[in-house]
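Scroll down for the structure; my scribbles are underneath it.
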Amino acid sequence: MCHTLRMESPEYALMDEVEERMWWYRALHARIGDTLASARGRVLDAGCGTGGLLTRLRGRPGIELFGLEYANEAARRAAVKSGAIIVRGSINALPFSDGSFAAVVSADVLCHGAVDPATALAELHRVLAPGGLLVLNMPSYQWLMSVHDHQVHNVRRTTAGRLHRDLDAAGFEQVQTRYWNTLLLPLMILQRKVLARRNDGETMSDVAAFPPIIDATFHALTELERYLDLKLPAGGSILATARKPAAQS
């Protein structure tokens, strides 16, 4: 087992403060929301952090929202913000019975140093009902590791092909993986590899409140990419959907 699931406490506060308005979180939550458009029943956000996605999904008809979060501080913030049922626990050993959920979302969790990806995927498969939907988001390319990754103890980034193979190996079917945040990838590379380094040699997290005009521009580019449904061979993140095989008759 890897080290305990955790991140730096100031980063929780930062994420909690900006995730409802920062372009990145809004873009991520919109894309996940699209994949859940037809979801009905119990929906789990496995690794819900401070509850931004659950808050975005609140009020959708026909679904009952649950969150799983290991860190007490983040779980507390998520419960207050979203009003969802938040359970403390690890994605490596989900505290739910087999077949509990019609859909499970896990956004940027399998990249964490305390998560064993194969074990976590097996657990996500177990708690899904037959035919249930899995939605994953993962950061792409190991060479794009950032200060924020280190602050939240992420140790792995991946590729669309590798994530597809991992989902196949875990027993999922109808697997689809696609890159997104493609139009801003050049700026991500510039920010993370050049601009984030300060004069004293230290680096800064790239999670922050952006000036309104920049935030609006970045969000508009992600929305353009989403509206055009662009399927491009590279991007800063990977969105995957898959299903647990339906019960055999």
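What follows draws every value from the coordinates through simple rules; no lab data is involved. Bear in mind that the values here come from a model prediction, so they are computed numbers and not experimental data. Backbone-built Cβ (ideal geometry, glycine too); neighbour counts: all protein chains shown.
Hey, what's the per residue convex hull volume over the C-alpha atoms of segment 81-159, in cubic angstrom? Walk me through the numbers on the way to the answer.
On the way: hull volume 8.7 nm³, N = 79.
It comes to 110 Å³ per residue, whole-number rounded.
May I ask for the percentage of alpha-carbon pairs in segment 73-124 that lie more than 12 Å from each other? Can you show the working numbers first?
Numbers: 933 of 1326 pairs.
In whole percent, the long-distance tail amounts to 70.
Find the all-direction average of the projected area of the Cα convex hull for segment 50-195, expressing the result in square nanometres with one decimal place. Don't skip to the answer; put the middle values down first.
Numbers: hull surface 38.0 nm².
Average projection, Cα convex hull of segment 50-195: 9.5 nm².
Most mobile of 85, 189, 213 per a Gaussian network model of the chain (Cα springs, under 10 Å)?
Taking springs between Cα atoms under 10 Å, the residue moving most is 213.
Taking the dipole about the Cα centre of the chain, with the C-beta of Lys and Arg at +1 and of Asp and Glu at -1, give me whichever of 94, 179, 140 is farthest to the positive side.
Highest projection toward the positive end goes to 179.
Taking the chain as the reference, fit the longest principal axis to its C-alpha atoms, fit the long axis of helix 160-169 to the helix C-alpha atoms, and give the angle between the two in degrees, 0 to 90, nearest 10.
With rounding to tens, the tilt is 20 degrees.
Once the Cα atoms of helix 117-127 and of the chain are each reduced to a long axis, what angle between those two axes, in degrees from 0 to 90 to the nearest 10, is obtained?
Compared with the principal axis, the helix lies near 40 degrees.
What percent of all Cα-Cα pairs in segment 111-200 falls into each 5 Å bin, going from 0 up to the bin containing the maximum distance?
Calculated over all Cα pairs of segment 111-200, the distribution is 3, 11, 20, 21, 17, 12, 8, 5, 2, 1, 0 percent.
Taking only Cα atoms and a 10 Å spring cutoff, compute GNM fluctuations for the chain and point out the largest among 152, 104, 194.
Looking only at 152, 104, 194, the largest GNM fluctuation is found for 194.
Just to be sure I understand the curve: with the Debye formula and one point per C-alpha of the chain, what is log10 I(q)/I(0) at q = 0.09, 0.11, 0.13 Å⁻¹?
With one equal scatterer per Cα and no solvent, log10 I(q)/I(0) is -0.36, -0.55, -0.79.
Please name which of 25, 59, 112 has its Cα lying farthest along the dipole of the chain towards the positive end, using unit charges on Cβ (Lys, Arg +1; Asp, Glu -1) and the Cα centre as origin.
After comparing all options, I get 59.
Give the angle, between 0 and 90 degrees and rounded to the nearest 10, that separates the Cα long axis of helix 9-18 from the longest principal axis of the Cα atoms of the chain.
Tilt relative to the chain: about 90 degrees.
With charges only on Cβ, +1 for K and R and -1 for D and E, what is the dipole size of segment 9-243 about its Cα centre, in debye, rounded to 20?
On the way: 25 positive and 25 negative charges, 65 e Å.
With only Lys, Arg, Asp and Glu charged at Cβ, the dipole is about 320 debye.
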